[in-house]
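Have a look at the structure below, then the notes.
The values are calculated or read from the model by the stated rules, or taken from the named source; none is laboratory data. Note that this is a predicted model, so its numbers are computed, not measured. Reconstructed Cβ throughout: ideal geometry from the backbone, glycine too, with neighbour counts over all protein chains shown. Surface accessibility is based on the protein's heavy atoms, side chains included, excluding ligands, DNA and RNA. Shrake-Rupley method; radii C 1.70, N 1.55, O 1.52, S 1.80 Å.
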Amino acid sequence: MIEYESTICPYCSCGCGIYLVIKDGKIIGQEPQHEHPINEGGNCPKGRNAYQFLYADDRLKTPLIKKDGRLEESTWDEALDLIAAKLKKADPDDFGLLASGKNTNEEAYVLQKFARVIMGTNNVEYCGRLCHSPTAAGLGPTVGSGVMPISQLDIQKADCIFLVGINPKETFPMMAKRILRAKEKGAKVIVLDPRKTVTARDIGNIHLQLEPGTDIAVLNSMMKVILDEGLESKEFIESRTEGIERLRDHLASLDLKEMEKISGVPLKELKKAARWLAKAEIGCVLYNQGLNQHSKGADNVKALATLALVTGQYGRPGTGISPTRGQINGEGTGDMGCLNVFYPGFQRVGTGASEKFEKLWGVDNLPSKPGYPYTKMLQETKYLWVVGTNPMMAAPDVDSVREALERKELLIVQDIFPTETAQLADVVLPVATWVEREGIHAYVDRRVQKINRIIDPPAEAKPDWWIVCQLAERMGYKSKFDFSSPGEIFEEIRRCVPPYKGITYERLEKTVGGIQWPCPTEDHPGTTTFFTKKFNTPDGLGHLQVVDYRPQAEQPDEDYPYVLTTGRSIFHYHTGSMTRRTPKLNDETPKGFCQINPTDAVAEKIRNGDKVILKTRRGSIEAEAHVTDEVPKGLVFLPFHFGESCANKLTNPVLDPACGMPEYKACAVKIEVKT
Ligand code: SF4
């Protein structure tokens with residue numbers, strides 16, 4: 001008998017509704033949900049092939065323990081006893097936990113609680129550090145909150161859409177659909193990106209093709225044009241912001257011609273874009289890793305938010321600047337406190353949060369000093385627990401990560417596949433995937449949706465929350481982790497995290513499309529638009545920021561003459577562990593490739609399809625060359641999904657001092673044909 005079960009796509013954070021087609025307990029197909037407000041009957045290629053990886057031959061099915069250098073099958077008792085015995089000896093600063101934007105809120109919540117209550121440390125992070133830490137560091141001081149301030153449904157209301165370092169046609173296809181709808185109604189679309197992406201090519205009215213890492217030169221220039229031409233929103237600036245004189249003084253001496261030379265963006269085009277945004281009724285700004293992943297990512301975000309404030313583009317449906325978290329629960333895992341400086345609900349470490357959670361959790365001595373950020377945790381800890389994330393592909397300068405992981409006294413990896421990181425582990429714990437356990441996710445626009453257990457996990461694989469609770473019991477903390485279901489964990493979340501208080505499983509099960517937090521009471525409909533009357537800063541005002549352009553940390557030179565930038569493909573997801581095990585997706589893009597401009601290809605004697613070697617000061621990899629004018633002269637693009645062409649062997653681990661973001665998007669590289 002064929003059955004249809006409703007769930008949410010496991011890939012990007014648009015959160016599309018899908019039906020899984022089930023026969024004899026096995027998923028055999030997928031259909032998009034027509035009634036779901038996000039996708040309205042559509043899905044992108046990833047969503048259409050969402051389930052095939054579940055049945056890959058190398059699914060982890062039993063715990064594994066390393067013996068004589070080899071991972072061997074074990075039992076849950078043996079694995080958990082071994083971990084508990086070792087962790088009991090760990091000092092707080094020696095332990096670290098890395099969670100994932102694929103965890104449910106319930107899993108993320110118990111993981112961070114384990115680190116704080118049992119291990120006594122704030123050394124808990126998730127992969128969001130490597131994606132959106134500049135968002136928190138940039139938007140926090142500017143508008144007081146680093147979340148998407150609107151509903152993604154309202155993007156289509158905009159009459160000007162500014163896309164900054166984001167390629168929604170490939171990475172957020174349902175958002176791209178809404179941008180196209182707005183454009184069909186007359187909206188102007190501005191794309192700021194060094195590459196001529198499919199979004200720039202197919203959707204943009206103007207493509208501002210900047211040199212990598214020169215965003216601030218462009219954004220400051222746009223602000224200067226707006227102020228010089230008197231196009232700023234005077235009433236909004238007067239009533240809702242502070243710092244306009246400081247900003248005017250700073251921009252007064254900005255030399256637009258010099259900025260044009262730095263960014264490579266023609267002033268004429270830049271002025272046109274600035275005027276469109278300033279004059280728009282509803283100006284919507286969306287950004288992603290092209291803006292964030294720099295050693296000055298926080299300043300990039302501050303400049304963009306200041307531009308939105310100067311133009312008054314905040315506080316109405318469809319307006320504001322929206323960070324676009326890529327992972328299915330990139331928002332929710334952060335909401336739950338898997339960050340070294342935030343307890344659940346973004347309650348900052350060192351501002352009374354530990355005392356508050358001591359009361360809520362009935363414990364003493366919660367840590368009150370910040371933990372290590374993600375990359376430092378990889379290097380500094382002796383006992384590391386990695387849950388659903390793959391630093392051997394995702395962290396910068398992978399060779400140094402390998403050395404650090406090989407030094408660990410205990411490396412625990414909890415995942416669904418034997419990832420590159422799992423292969424280095426002392427203990428590997430097999431987990432259930434998204435359709436094999438229950439819980440909630442918060443999608444890109446704070447939209448909370450519930451997923452249900454539809455099929456059983458294979459063999460001995462278990463949900464992450466179960467593993468945490470079992471381990472807590474062995475560490476002597478059963479009473480603090482006495483949960484028998486995700487529903488019980490969620491009830492504790494509702495008590496501890498005010499924006500989730502009014503959301504219940506029952507409500508979510510009845511609400512197609514979910515509920516956007518904050519939702520303070522059970523009869524509250526959820527909040528679509530933030531900042532309607534004031535910002536989340538202490539004085540309620542938007543704080544205009546003054547930032548200066550500074551170049552990327554590593555410039556091209558004689559030895560490494562090109563700039564390398566990294567990114568994604570529509571057919572793959574993050575480090576590829578799911579999509580590369582999905583035949584229909586992997587067949588579309590089966591191996592690692594890099595893009596090089598035709599002029600550079602001629603200079604380097606590279607032909608389309610040649611195997612090339614890319615080399616930086618960190619290491620070298622091989623990839624297939626795709627010769628295309630999607631990249632400008634001097635730029636090489638490398639997607640980061642492919643283990644055999646691992647982009648992060650090459651990337652620069654230099655960090656943004658404000659937030660710990662590595663410089664993924666620009667480093668110096670050389671390229672040569674493999675002979
Ligand atoms: Fe899944 Fe995102 Fe594609 Fe929707 S747009 S089907 S959520 S990957």
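With a 1.4 Å probe rolled over the protein heavy atoms of all chains, the accessible area of LYS257, LYS177 falls in the order LYS257, LYS177, largest first. For GluC sites (Glu not before Pro), the sites in segment 1-55 that DSSP calls loop and that have at most 15 other Cβ atoms within 10 Å are GLU35, GLU40.
Cross-link pairs exceeding 26 Å between alpha carbons, from the set LYS272/LYS302; LYS169/LYS633; LYS66/LYS480; LYS89/LYS480: LYS66/LYS480.
Residues whose amide H falls under 5 Å from that of VAL189, counting only those 5 or more places apart or on a different chain, are ILE161, ASN205, ILE206, with hydrogens built in the peptide plane.
Selection among ASN452, TYR500, LEU231 by position relative to the dipole of the chain gives LEU231 as farthest towards the positive end (Cβ unit charges, Cα centre).
Rg and Dmax over the alpha-carbon atoms of segment 1-157 stand at 20.7, 61 Å. Of all trypsin sites (Lys or Arg not before Pro) in segment 571-609, which ones are in loop regions per DSSP and have a Cβ with at most 13 other Cβ atoms within 10 Å? Passing sites in segment 571-609 are LYS591, LYS605, ARG607.
Once the Cβ-Cβ distance between SER6 and SER484 is put in as r, and R0 is 25 Å, what FRET efficiency do you end up with, to the nearest 0.05?
Working from the Cβ atoms, E equals 0.50.
When the listed pairs LYS102/LYS359; LYS23/LYS462; LYS478/LYS510 are checked against a 27 Å cut-off, the alpha-carbon distance exceeds it for LYS102/LYS359; LYS478/LYS510. For the pair ILE613 and LYS369, the difference between a 0.36 nm per residue extended length and the Cα-Cα distance amounts to 83.4 nm. Considering segment 136-323 at the alpha-carbon level, its Rg and Dmax are found to be 14.9, 42 Å.
Calculated accessible area for the chain comes out at 35 Å² per residue, all protein chains present (probe 1.4 Å; ligands, DNA, RNA ignored). On the beta carbon distance between GLU558 and ASP399, with R0 = 25 Å, the FRET formula returns roughly 0.55. Straight-line cross-link partners of LYS196 among the aspartates and glutamates, defined as a Cα under 19 Å from its Cα and at least 8 positions apart when in the same chain: GLU170, GLU211, ASP215, GLU260, GLU269, ASP600, ASP629, GLU630.
Here the label points at GLU358 and ASP629, each 7 Å from Cα along the C-beta direction, are separated by 6.6 nm in the simple model. Charged side chains reduced to their Cβ positions (Lys and Arg at +1, Asp and Glu at -1) give segment 2-50 a dipole of some 240 debye around its Cα centre.
A Förster radius of 41 Å, combined with the Cβ-Cβ distance separating LYS584 from GLU184, puts the computed FRET efficiency at roughly 0.85. Measuring between alpha carbons in the structure, the pairs from LYS67/LYS591; LYS86/LYS376; LYS356/LYS408 lying more than 31 angstrom apart are LYS67/LYS591; LYS356/LYS408.
Compared with the direct C-alpha span, the chain from GLU522 to GLU460 gains 18.6 nm at full extension, assuming 0.36 nm per residue. With viscosity 0.692 mPa s and temperature 37 °C, the Kirkwood radius over alpha carbon pairs of segment 562-673 converts through Stokes-Einstein to a diffusion coefficient of 229 µm²/s. Between LEU541 and PHE535, the built amide H atoms are under 5 Å apart, and every one of these is 5 or more places off in sequence or on another chain. The value of relative contact order for segment 526-620, using C-alpha pairs under 8 Å at least six residues apart, is 13 percent. Computed over the chain, the quotient of the alpha carbon radius of gyration and 2.2 N^0.38 Å is 0.92. Checking every one of the GluC sites (Glu not before Pro) in segment 198-260 against DSSP loop status and a limit of 14 other Cβ atoms within 10 Å picks out GLU229. Of all the accessible heavy-atom surface of segment 2-50, with the other protein chains kept in place and a 1.4 Å probe, what percent is carbon and sulfur? Carbon and sulfur: 47 percent of the exposed surface of segment 2-50.
Dipole size of the chain about its Cα centre, with +1 on Lys/Arg Cβ and -1 on Asp/Glu Cβ: approximately 1000 debye, rounded to the nearest 20.
Taking amide hydrogens as placed 1.01 Å from N in the peptide plane, the amide H of PHE593 sits under 5 Å from those of GLU624, each at least 5 positions away in sequence or on another chain. By the equivalent-ellipsoid construction on the alpha carbon gyration tensor, segment 627-675 comes out with semi-axes of 23, 14, 11 Å, ordered largest to smallest. Remark: the GLU235-SER253 segment gains 4.0 nm on full extension, using 0.36 nm per residue and subtracting the alpha carbon distance.
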